[in-house]
């Protein structure tokens, strides 16, 4: 069983064991600083899987069970443990007390402050599916809608704002961020798209729709006095055209790949 968010895991499993990669040499599954939390019947995070992770989990649970075990593991990743990465990993194991918990939460907050920002305009079925797909990723995601009722529950870890004028929210998007436009209303899509394309500092502006919608939006931009060059920066349709499946989860997977390609280096 895995609980998605770190605060939820810490609340549900006080006294869990923190496993941290303190040193990684050569070819290794994860880098130094990688964390995993181990409780009696639950995990949060991963140090890369395979025999290395199984060894760490076993030692952590023995520690939870009251055994006296060494607080460090120094593991060569060779054939003797069934992993042939060729590197070497040193792990530390610590029981999570209040000070460790505070440090973990602060680290999470510090890391999240550096995440690329994504605004999803529209909490319909595709917007919610995309929010769900993005929720475990190193992105700061905000879901925005103007309606009194949306089409489902907002996933854990996703901020939600209900506003009267979603197009005004574009100005709050950080430089280098992404705007994904998937509202219930074409006219509102166009207003948001106009504001997003007026900014040249965004890494991604995408809109759900078709080639016909793209042409209609281009005509709208002409009437608004915005040059046709602006639409060259618009991804429409989002998710590409290779896969024709229009189920929300499929579209969400395709758009997630697009976003990662421009936001995560």
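On the given criteria, is residue 154 at pLDDT below 95 and under 21 Å from residue 208 (Cβ atoms)? Step through it out loud before you land on a result.
Values: at pLDDT below 95: yes; under 21 Å from residue 208 (Cβ atoms): yes.
Here the answer is yes, as residue 154 does meet what is asked.
Take residue 229 and decide whether it is under 22 Å from residue 145 (Cβ atoms), free of Cβ contacts under 8 Å to residues at least 12 places away in the same chain and exposed (fewer than 11 other Cβ atoms within 10 Å of the Cβ). Explain how you work it out, then say what you get.
Working: under 22 Å from residue 145 (Cβ atoms): no; free of Cβ contacts under 8 Å to residues at least 12 places away in the same chain: yes; exposed (fewer than 11 other Cβ atoms within 10 Å of the Cβ): yes.
Against the criterion (under 22 Å from residue 145 (Cβ atoms), free of Cβ contacts under 8 Å to residues at least 12 places away in the same chain and exposed (fewer than 11 other Cβ atoms within 10 Å of the Cβ)), residue 229 does not qualify.
Go through the range 21-46 residue by residue and tally those that are crowded, with 20+ Cβ neighbours inside 10 Å and modelled with pLDDT of 90 or more.
Our first condition is that a residue be crowded, with 20+ Cβ neighbours inside 10 Å; within the range 21-46, this holds for 21, 24, 28, 36-39, 44.
In the following step, the residues that additionally are modelled with pLDDT of 90 or more were identified as 21, 36-39, 44.
Going through the range 21-46 one residue at a time, the tally reaches 6.
Anything in the range 116-141 that is within 14 Å of residue 183 (Cα to Cα) and not in a loop (DSSP other than H, G, I, E, B)? List them, or say none.
First pass over the range 116-141, keeping only residues within 14 Å of residue 183 (Cα to Cα): 119-131.
Within the range 116-141, 119, 120, 121, 125, 126, 127, 128, 129, 130, 131 qualify.
How many residues does the range 156-191 contain that are in a loop (DSSP other than H, G, I, E, B) and crowded, with 16+ Cβ neighbours inside 10 Å? Don't jump to the end; show me each part of the working.
Step one: of the range 156-191, the residues in a loop (DSSP other than H, G, I, E, B) are 156-158, 163-165, 173-177, 182-185.
With the extra rule that they be crowded, with 16+ Cβ neighbours inside 10 Å, the set shrinks to 157-158, 173, 177, 182-183.
Number of matching residues: 6.
The values are calculated or read from the model by the stated rules, or taken from the named source; none is laboratory data. Computed from a prediction, not measured in an experiment: that's the story for all the values here. Note that each Cβ is placed from the backbone with ideal geometry, even for glycine, and that neighbours are counted across all protein chains shown.
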